[in-house]
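Take this structure, written in structure tokens, and hold onto it; I'll ask about it next.
The values are calculated or read from the model by the stated rules, or taken from the named source; none is laboratory data. These numbers come from a predicted model, not from an experiment. Every residue, glycine among them, receives a Cβ derived from its backbone with ideal geometry; neighbour counts consider all protein chains shown.
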Amino acid sequence: MIKRDEYLDVLKRFKDKELIKVITGLRRCGKSTLLEMYKEYLIDNGIKKDQIISINLEDLKYNFIDNYMALYNYINDNLNPNKKNYVFIDEVQKVLEFQKAVDSLYINKNVDLYITGSNANLLSSELATLLSGRYIEVKMLPLSFKEYKDAYPELNNDELYRKYISYGSLPFTTSLDNEDDVSIYLSSIYNDIIIKDVMARKKIQDETMLRSVANFTMDNIGNLVSVNNIANTMTSDGRDINVRTVERYLEGFTESFFLYKASRYDVKGKQYLRTGEKYYVSDLGLRYFILGRKVGDYGHVLENVVYLELLRRGYDVFVGKVDEYEVDFVAVNNKGKLYVQVSDTLKGVDDNDTKILDRELRSLKKIDDNYEKIILTSDKIPLSNEEGIIICNVFDWLLEK
């Protein structure tokens, strides 16, 4: 079992705080395993088993819990009235109006409540309003490159990266022995995302068209796209689809944490732009086994890896625009900004060819604030500094503490 210490530490810090701990993320990214790790921590630190109530709503033995009152009554009937109770509800969105049960349990002073969900609607405006100020969200992603290295310590960084982007980073894949088994497993996950997480929840009938939009978006990670662009491209290919339908499909993919959307930000104008965005896939293994490896695709794949890592590090991530140039990522948190350029290689045709490096430096040099600027590359180079812009090997950056 691969430790997910960064997420586990958050749960430890908020133990017994009067807040609901909400863990969200792609199906099979490790939410249930995180709860198991945390329950082990509780028991190791003196919490008795009779103080823990755990419900996984994907388990058929809880099939009788089909509404919020059944959920509330089951938990309430099993509470230990004389001790603190630690209540875990896995995939809570399966219960209609679950928020009513959650709200009622929250006001019980001897309940410390933890819930998970694989759909962003878990924190829809209705729930967020009802529980305003009463919850924290732990946004969980598949394994980071650093966590993945714990599973394969014998591999060097290049070997590890090739495995990471082809087998993907869903935790269970590290227990599978060959590519065929990984393919079977990821295919089943992808089908569940399409059918259960998107079609069922968004009431979509056309599975073939939905898969076509998924394929198009995965094929264009790192490219600026728009719903109009997607609709027009697919229509020109003989698959008639309107803009509103594309919007609904993309909403389904982002709500299920299958895709993430990076909107554009004008660095000099300090404003968000309405046109164009980029999409990134939450697990590159899913993309690899659906589309295969594409020649010339390595730069966008690396960009995808960096984007997800920035999310893990607590940033809100945007695609930057400075004058007529693009900055791959403007990463924003409560401490400020980080500007990031990603290039698979900075090498030209010979040692004197600096065209790629000059291109990557160009947009960063046009930014006149004092926030950190960095170029990440898979080239084996030492850490360097070019006019205040850090140039760093991406694997070193991914593995740093």
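Would you check which residues across region 369-401 are in contact (Cβ under 8 Å) with a residue 60 or more places away in the chain and under 17 Å from residue 327 (Cα atoms) and list them?
376, 394
Hey, among 339, 265, which residue is surrounded by 18 or more Cβ atoms within 10 Å (Cβ to Cβ) and either closer than 25 Å to residue 122 by Cβ or out of contact with any helix residue (DSSP H, G or I) (no Cβ under 7 Å at 6 or more places or on another chain) (or both)?
Going through 339, 265 in turn, the sole match is 265.
If a residue counts only when it is touching a residue at least 60 places away in the same chain (Cβ under 8 Å), which helices (runs of 4 or more DSSP H) contained entirely in region 44-138 have at least 1 such residues?
98-106
Which residue is farthest from the chain's Cα centre (by Cα), if the candidates are limited to region 203-218 and must be among the charged types (D, E, K, R) and assigned to a helix (DSSP H, G or I)?
207
OK, next. For residues that are charged (D, E, K, R) and surrounded by 10 or more Cβ atoms within 10 Å (Cβ to Cβ), tally how many sit in region 376-401.
4
Considering region 233-258 alone, what residues qualify as being more than 19 Å from the chain's Cα centre (by Cα) and either of a type in the set (Phe, Trp, Tyr) or within 23 Å of residue 319 (Cα to Cα) (or both)?
233, 243, 246, 247, 248 - these are the residues of region 233-258 that are more than 19 Å from the chain's Cα centre (by Cα) and either of a type in the set (Phe, Trp, Tyr) or within 23 Å of residue 319 (Cα to Cα) (or both).
Still on this structure, I have one more. What number of residues within region 13-24 satisfy the criterion of being surrounded by 22 or more Cβ atoms within 10 Å (Cβ to Cβ) and part of a loop (DSSP other than H, G, I, E, B)?
Final tally of qualifying residues: 0.
Considering only region 81-99, state which residues are surrounded by fewer than 20 Cβ atoms within 10 Å (Cβ to Cβ) and at pLDDT below 95.
81, 82, 94, 96, 97
Next up: Hey, residue 316 hits all of (1) within 24 Å of residue 4 (Cβ to Cβ); (2) touching a residue at least 60 places away in the same chain (Cβ under 8 Å) but one; which does it fall short on?
Of the numbered conditions (1) within 24 Å of residue 4 (Cβ to Cβ); (2) touching a residue at least 60 places away in the same chain (Cβ under 8 Å), the odd one out for residue 316 is (2).
Let me spell it out: the conditions are (1) assigned to a loop (DSSP other than H, G, I, E, B); (2) among the hydrophobic types (A, V, I, L, M, F, W, C); (3) under 30 Å from residue 340 (Cα atoms); (4) more than 21 Å from the chain's Cα centre (by Cα), and residue 221 meets all of them except one. Which number is the exception?
Evaluating residue 221 over (1) assigned to a loop (DSSP other than H, G, I, E, B); (2) among the hydrophobic types (A, V, I, L, M, F, W, C); (3) under 30 Å from residue 340 (Cα atoms); (4) more than 21 Å from the chain's Cα centre (by Cα) leaves (4) as the failure.
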